[in-house]
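Below is one structure, written out as C-alpha cells; comments come after it.
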Amino acid sequence: MNVGILTGGGDCPGLNAVIRAITKICVGEYGYQVTGLHNGWRGLLEKDISSLDPEKVSDILNLGGTILGTSRTNPFKDEKGPERVLASIRELNLGALVAIGGDDTLGVASRLYKEYGINTIGVPKTIDNDLSGTDYTFGFDTAVHIATEAIDRLHTTAESHNRAMVVEVMGRTAGWIAVMSGIAGGANVIIIPEIPINVEDICDLIKQRAAKGKKFSIVVVSEGVKLAWRSGREKTVFSSEETDEFGHARLGGVGNELGKIIEKLTGIETRVTILGHIQRGGTPTSHDRILATRYGVKAAEMVKNSQWGMMVALKGDDIKAISLDEAVSKTKTVPLELYNMAKMFFG
Ligand code: F6P
C-alpha cells in the first residue's frame, strides 16, 4: 500500500509531528510506503511529491510549519480538478490519502470520498479550533499560549502608561483563541465574532473601570469581529478584498479601527498589537506535540483498517474515528456559557 500525505490551508504548529507519526507507524509497523504530496492539494494535481521514510521524518517532532509545504489550492475550483486528482492517484498508485487540514482541506477530502470514492482520511488541524466533531484541533494550544504570553507582556506596559491595549488575535468565524487567551491573560473585554458587542458598550466598560481607579485596560478582539454601533451600523475589516480559492477574503486590522474608536470615545490613550502569523509560527507546545502524535498514530491505524471518509477526533481523553462529513458540516463556535463565564471578569 502506498499512503499519500498532504498538509493544506494555513500552517500550524504540530503538522510535522503528525507527518512523523503517520510515516513511522505506516512504514515501521505496517510495512507500507509513504508519499509526501507537496503544498497541499496542489502537490496531488501537479504530482509534486517525495517519498517519506522514518529517517526523513526523524528530528521534526518539535519543528513548526510543515516539511511538505502547504497551500490553499482547491481542486474543485477548476472543473477538471477532480479528474486530475483521480489521474494522479492512479499514476502514483496511492491506496490511501491522508489530508491534514482545517475545514477547507478536509471539505475537499470529504467530497473526494463521497463523490469519487477516493480512500481519504482526515486529521483536524487549525489554530482556530473551529472544526466540529473534535474537542480540540492541534495547533490551538500553541496559539493560545503565544497569545496569552503577549497579553501578559502588554499588561505590564499598559499599566505603566495607563493605556488601553487592544490585542487582535486570529479567528475568522470563531473566537476560540480570543476567549481562551483572554481568560488566561485576564483581559478586561473580549470580543468574538459569535457575540456582537457595540463599540459604545466596550467603551463604557473601559470608562467604568477607569472610574474605579484602573486606568489601563486590555481588550482582546478576534480578527473576524464585525464592528457594531448602537445606531445599527456595522463594519467588517479586511486587510485585502482578494479572496483565496475557497472564497475567503483576507482579514486583519479590526484592532486598529477599534483602537481609534476607544481612544476617541474614552479619552484614554490607546495602542494596538496585531499578533498575526506569530500565533502560527514556531515550535508546538508539548500538548500539541502529544495530540498531533496521537492523531498521527490513529490515522495510520485507520488506513490499516480501511476507515475511509473518516477523521481522527479527540473526544474527552480518547482519540476516535468520526465521519469527515460531520466534521466539515458546520463551524464549531464558542459556546455562550464559556463566553458568559469569561464575561464575569470583564471591566
Ligand atoms: O488558519 C486559519 C487562519 O489562521 C485564520 O484565522 C486566518 O484568517 C488565516 O489563517 C490567515 O492565513 P493566511 O494569511 O496564511 O492566508
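The values are calculated or read from the model by the stated rules, or taken from the named source; none is laboratory data. It should be emphasised that the depicted structure is a prediction, and the values quoted were computed from it without experimental measurement. Don't worry about glycine lacking a Cβ; one is built from the backbone with ideal geometry, like all the others, and counts go over all protein chains shown. SASA here: full protein model, heavy atoms, side chains in, ligands and nucleic acids out. Shrake-Rupley method; radii C 1.70, N 1.55, O 1.52, S 1.80 Å.
Here are a few things to note about the model shown:
- Val108 being within 16 Å of the ligand (Cβ to nearest atom), farther than 19 Å from Thr293 by Cα and of a type outside the set (Phe, Trp, Tyr): yes
Table: residues versus (1) open to solvent by 10 Å² or more (accessible area, probe 1.4 Å); (2) in contact (Cβ under 8 Å) with a residue 40 or more places away in the chain.
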position	(1), (2)
Pro75	no, no
Glu79	yes, no
Leu86	yes, no
Asp103	yes, yes
Ser110	no, yes
Gly117	yes, no
Gly122	no, yes
Asn129	no, yes
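- Among the residues of the range 204-227, the one identified as within 16 Å of the ligand (Cβ to nearest atom) and surrounded by fewer than 17 Cβ atoms within 10 Å (Cβ to Cβ) is Lys226.
- The strands (runs of 3 or more DSSP E) found wholly in the range 209-327 and carrying at least 1 residues that are among the β-branched types (Val, Ile, Thr) and touching a helix residue (DSSP H, G or I) at 6+ places or on another chain (Cβ under 6 Å) occupy 217-222, 270-274, 310-315, 318-323.
- Residues satisfying the stated conditions in the range 238-263, i.e. closer than 18 Å to Met165 by Cβ, open to solvent by less than 40 Å² (accessible area, probe 1.4 Å) and under 23 Å from the mean Cα position of the chain (by Cα): Gly252, Gly253, Val254, Gly255
- Annotation: of all residues in the range 156-183 being part of a helix (DSSP H, G or I) and within 25 Å of the chain's Cα centre (by Cα), the one that is surrounded by the fewest Cβ atoms within 10 Å (Cβ to Cβ) is Ile183.
- Single condition Arg42 does not satisfy, out of (1) more than 19 Å from Met1 (Cα to Cα); (2) assigned to a loop (DSSP other than H, G, I, E, B); (3) free of Cβ contacts under 8 Å to residues at least 40 places away in the same chain: (2)
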